[in-house]
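Working notes for the structure below.
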Amino acid sequence: MYFPSWLSQLYKGLSRPIRRTTQPIWCSLYRRLVQSSQRRNPEFNSFAVRTNTCGELRSSHLGQEVTLCGWIQYRRQNTFLVLRDFHGLVQVVIPQDESAASVKKILCEAPVESVVRVSGTVISRPAGQENPKMPTGEIEIKVKTAELLNACKKLPFEIKDFMKKTEALRLQYRYLDLRSFQMQYNLRLRSQMVMKMREYLCNLHGFVDIETPTLFKRTPGGAKEFLVPSREPGKFYSLPQSPQQFKQLLMVGGLDRYFQVARCYRDEGSRPDRQPEFTQIDIEMSFVDQTGIQSLIEGLLQYSWPNDKDPVVVPFPTVTFTEALATYGTDKPDTRFGMKIIDISDVFGNTEIGFLQDALSKPHGTVKAICIPEGAKYLKRKDIESIRKFAADHFNQEILPVFLNANRNWNSPVANFIMESQRLELIRLMDTQEEDVVLLTAGEHNKACSLLGKLRLECADLLETRGMVLRDPTLFSFLWVVDFPLFLPKEENPRELESAHHPFTAPHPSDIHLLYTEPKKARSQHYDLVLNGNEIGGGSIRIHNAELQRYILATLLKEDVKMLSHLLQALDYGAPPHGGIALGLDRLICLVTGSPSIRDVIAFPKSFRGHDLMSNAPDSIPPEELKPYHIRVSWPTDSKAERAH
Ligand code: ASP
């Protein structure tokens, strides 16, 4: 599990005795986050019964009478308390004199994680007892009054970031998990980025924040939708997978710059980077082209980017879908490192190596390779074996490993069959250095590229677990992928077509004629935004001509156009040219915070299996309550256990 350095610092800090508490770097990071992103510092104490936050007190506050509210983080020998709030920690001296016996009793008896309010004076710590690593380490609070606001029972886990707990336990007691500095940081950073996005879109560029319905009807194609029963027999709403139709209809309605922090729903199960409900920064505008949307998003990210990270450099580089596939074997390349796929078919034009010969003799047959830097040093024999097995099992492909020795000789099962001229040409093309390993495969272009794309990422992970620094953890590498095909063959039936993005995406202007001749070859005006190998956004210029939209839906995609008659009708009533994009907010924040899962940047996420482990949703409903919806559960007959649930 990757933790940012401030967190490991925090761990070290909190495991020390109280009087030596180390500075939680989190606090200074958070402070920077708060200060730098606001024109004015927010007033954290307005309307509340406290005068200050725990984390803000410094020597400049010496002598001030303060009232603090917080949770008891630690108590040491009934002499000191550390009080915590979202802003940080502060040390509180428990009074020992007789006259303050009642205060002492409250502060000594309240269990850890109880909520207390204390009032007292900010004083200097005794000489030699300052903690330069703690933001509040020069001062402490001499308490005069204390009040136990609420006692805490025995907790299911300790509220310390360094205490290991399973994710299931964290999700079951999410309200406790949220008290951790890490979750506080993630959610507060998220809120600030969204605030700045709103500012950029509404205040700087005149976008209008519009809410669209979540009770909607089924949309043809695309992701599986959640159904919501209605009281009309056999009639259901659907939860929208995105506000796509509404945002296009808003353009027809003349609201020519729309945005929304939109909740979207897809019944596709949860994965580390997926949730059944998730949030998009959803944008649509009229009278715009692809470059307009790209510049808008570059500006948006630059403006909302946290100040404690390196600034975002714009414009972002662009690759075409075809280049991305050929060079990285994927449409979401991680461009933080090289190891690009190189086509070496020409080198092996007259090879004696059987499987290369075989591949090259077939249509679209190619020989391709990636070079693993210092692979000979970092990869073990068994790694190479498992790479070969992976290629055979998942791609039905052979992988040929070629090691380059210190004396620049090949070491490979087929070394003898590689001619000197081929060897030199290969070294030149692949730019191989001593100790590198070349992984070579042969076969149909797309298949060879996909395999090498997977191996590129696998090997990068392997090299990094062995100690090589390949991807700079502070680097954010944005990339536009453009010129996608408009259609892809359907997975279930490759002879039929499905939209690569969605059916409202406009074809590339120079490929419109292909729609009527070779639709498979038509490119689209669809663009994806990729960050460090993750798709964080996607959008397109839309079809605004009803006739073209009808042709694509009915003739090419074989969809029931009746379901979209409202949209087709709207396009006929003077729909302006328009386009848009949606950014996956959870994924974006996950990458910005370096979190291992998007669940770590969502306050109340669903579990891996799509359950809310805290409230136990989804839950069963008694049959009587299902009656108004004309629904009866048909229990799976073979699974009694299921029924018991
Ligand atoms: N609605 C699309 C999606 O959710 C994004 C877009 O085309 O604007 O992927």
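The values are calculated or read from the model by the stated rules, or taken from the named source; none is laboratory data. Since we're looking at a predicted model, the values are computed, not measured. For neighbour counting, all protein chains shown are included, and Cβ atoms are generated from backbone atoms with ideal geometry for every residue, glycine included.
In the stretch 589-625, which residues are in a loop (DSSP other than H, G, I, E, B) and within 16 Å of the ligand (Cβ to nearest atom)?
Listed by number, the list is empty, since nothing qualifies.
Hey, among the residues in the stretch 422-477 that are among the acidic types (Asp, Glu) and at pLDDT 90 or above, which one's farthest from Pro306 (Cα to Cα)?
Only one residue tops the list, namely Glu444.
Does Arg218 satisfy the condition of being within 26 Å of the chain's Cα centre (by Cα) and among the charged types (D, E, K, R)?
It is false that Arg218 is within 26 Å of the chain's Cα centre (by Cα) and among the charged types (D, E, K, R).
Filter the stretch 142-153 for residues that are over 41 Å from the mean Cα position of the chain (by Cα) and not acidic (Asp, Glu) and give the result.
Selection gives Lys142, Val143, Lys144, Thr145, Ala146.
Taking the residues in the stretch 391-421 that are part of a strand (DSSP E or B) and aliphatic (A, V, I, L, M) as candidates, determine which candidate is modelled with the lowest pLDDT.
Looking at the filtered set, the residue picked out is Leu404.
Any chance the stretch 562-573 includes a residue that's modelled with pLDDT of 95 or more, under 30 Å from Asn534 (Cα atoms) and within 16 Å of the ligand (Cβ to nearest atom)?
Within the stretch 562-573, none of the residues are modelled with pLDDT of 95 or more, under 30 Å from Asn534 (Cα atoms) and within 16 Å of the ligand (Cβ to nearest atom).
Go through the residues of the stretch 569-588 one by one and say whether even a single one is assigned to a helix (DSSP H, G or I), free of Cβ contacts under 8 Å to residues at least 60 places away in the same chain and either of a type outside the set (A, V, I, L, M, F, W, C) or exposed (fewer than 10 other Cβ atoms within 10 Å of the Cβ) (or both).
Yes, the conditions are met somewhere in the stretch 569-588.
Please go through (1) within 16 Å of the ligand (Cβ to nearest atom); (2) in a helix (DSSP H, G or I) for Val288 and return the number of the only condition it doesn't satisfy.
Condition (2) is where Val288 drops out.
Might you let me know whether the stretch 449-458 holds any residue that is farther than 30 Å from Lys389 by Cβ and hydrophobic (A, V, I, L, M, F, W, C)?
no
Scan the stretch 346-380 for residues that are of a type in the set (Ser, Thr, Tyr) and within 22 Å of Cys459 (Cβ to Cβ) and jot them down.
Thr366, Tyr378
Which pairs do you get when a residue that is touching a residue at least 24 places away in the same chain (Cβ under 8 Å) and closer than 12 Å to Met563 by Cβ, found in the stretch 217-242, comes within reach of a residue that is away from the ligand (no atom under 16 Å from the Cβ) and aromatic (Phe, Trp, Tyr), reach meaning Cβ atoms under 8 angstrom, with the pair 6+ apart or on two chains?
Pairs that qualify, where the first residue is touching a residue at least 24 places away in the same chain (Cβ under 8 Å) and closer than 12 Å to Met563 by Cβ and the partner is away from the ligand (no atom under 16 Å from the Cβ) and aromatic (Phe, Trp, Tyr), are Lys217/Tyr237; Arg218/Phe236.
Tally time: how many residues in the stretch 539-590 are farther than 22 Å from Arg266 by Cβ and aliphatic (A, V, I, L, M)?
12
Please work out which residue is farthest from the ligand (Cβ to nearest atom), limiting yourself to the stretch 449-505 and to residues that are in a loop (DSSP other than H, G, I, E, B) and among the acidic types (Asp, Glu).
Ranking the qualifying residues of the stretch 449-505, first place goes to Asp472.
When the residues of the stretch 147-175 are narrowed to those that are in contact (Cβ under 8 Å) with a residue 24 or more places away in the chain, within 18 Å of Val82 (Cβ to Cβ) and hydrophobic (A, V, I, L, M, F, W, C), which ends up surrounded by the most Cβ atoms within 10 Å (Cβ to Cβ)?
Ile159
Can you name the strands (runs of 3 or more DSSP E) wholly within the stretch 227-272 that have at least 2 residues being within 16 Å of the ligand (Cβ to nearest atom)?
257-265
Condition first: at pLDDT below 95, in contact with a Phe, Trp or Tyr (Cβ under 6 Å, 6 or more places away or on another chain), of a type outside the set (D, E, K, R) and away from the ligand (no atom under 16 Å from the Cβ). Can you find one or more residues in the stretch 193-201 that meet it?
No.
Within the stretch 508-522, which residues are touching a residue at least 24 places away in the same chain (Cβ under 8 Å) and either within 16 Å of the ligand (Cβ to nearest atom) or assigned to a loop (DSSP other than H, G, I, E, B) (or both)?
Result: His508, Ala522.
Show the residue pairs that are 6+ apart or on different chains and have beta-carbon atoms under 7 Å apart, the first residue being within the stretch 477-497 and over 14 Å from Pro519 (Cα atoms), the second being acidic (Asp, Glu).
Matching pairs, first to second residue: Val481/Asp331; Val481/Asp528.
Taking the criterion of being surrounded by fewer than 16 Cβ atoms within 10 Å (Cβ to Cβ) and under 29 Å from Pro213 (Cβ atoms), would at least one residue in the stretch 307-322 satisfy it?
Scanning the stretch 307-322 turns up no residue that is surrounded by fewer than 16 Cβ atoms within 10 Å (Cβ to Cβ) and under 29 Å from Pro213 (Cβ atoms).
Which numbered condition trips up Gly221, out of (1) at positive phi; (2) at pLDDT 95 or above?
Here Gly221 meets the rest and fails (2).
Within the stretch 341-350, is there a residue that is within 23 Å of Met468 (Cα to Cα) and at pLDDT 95 or above?
Yes, that holds for at least one residue.
Scan the stretch 536-551 residue by residue and report those that are in a helix (DSSP H, G or I) and away from the ligand (no atom under 15 Å from the Cβ).
Ala546, Glu547, Leu548, Arg550, Tyr551
Is there a residue being closer than 30 Å to Ser191 by Cα and aliphatic (A, V, I, L, M) anywhere in the stretch 572-581?
There is at least one residue in the stretch 572-581 that is closer than 30 Å to Ser191 by Cα and aliphatic (A, V, I, L, M).
Of Glu492, Glu518, Glu435, which residue is outside the structural domain of Lys389 (by TED's automatic domain parsing), over 26 Å from Thr366 (Cβ atoms) and either out of contact with any strand residue (DSSP E or B) (no Cβ under 6 Å at 6 or more places or on another chain) or surrounded by 18 or more Cβ atoms within 10 Å (Cβ to Cβ) (or both)?
Just one listed residue meets the conditions, Glu492.
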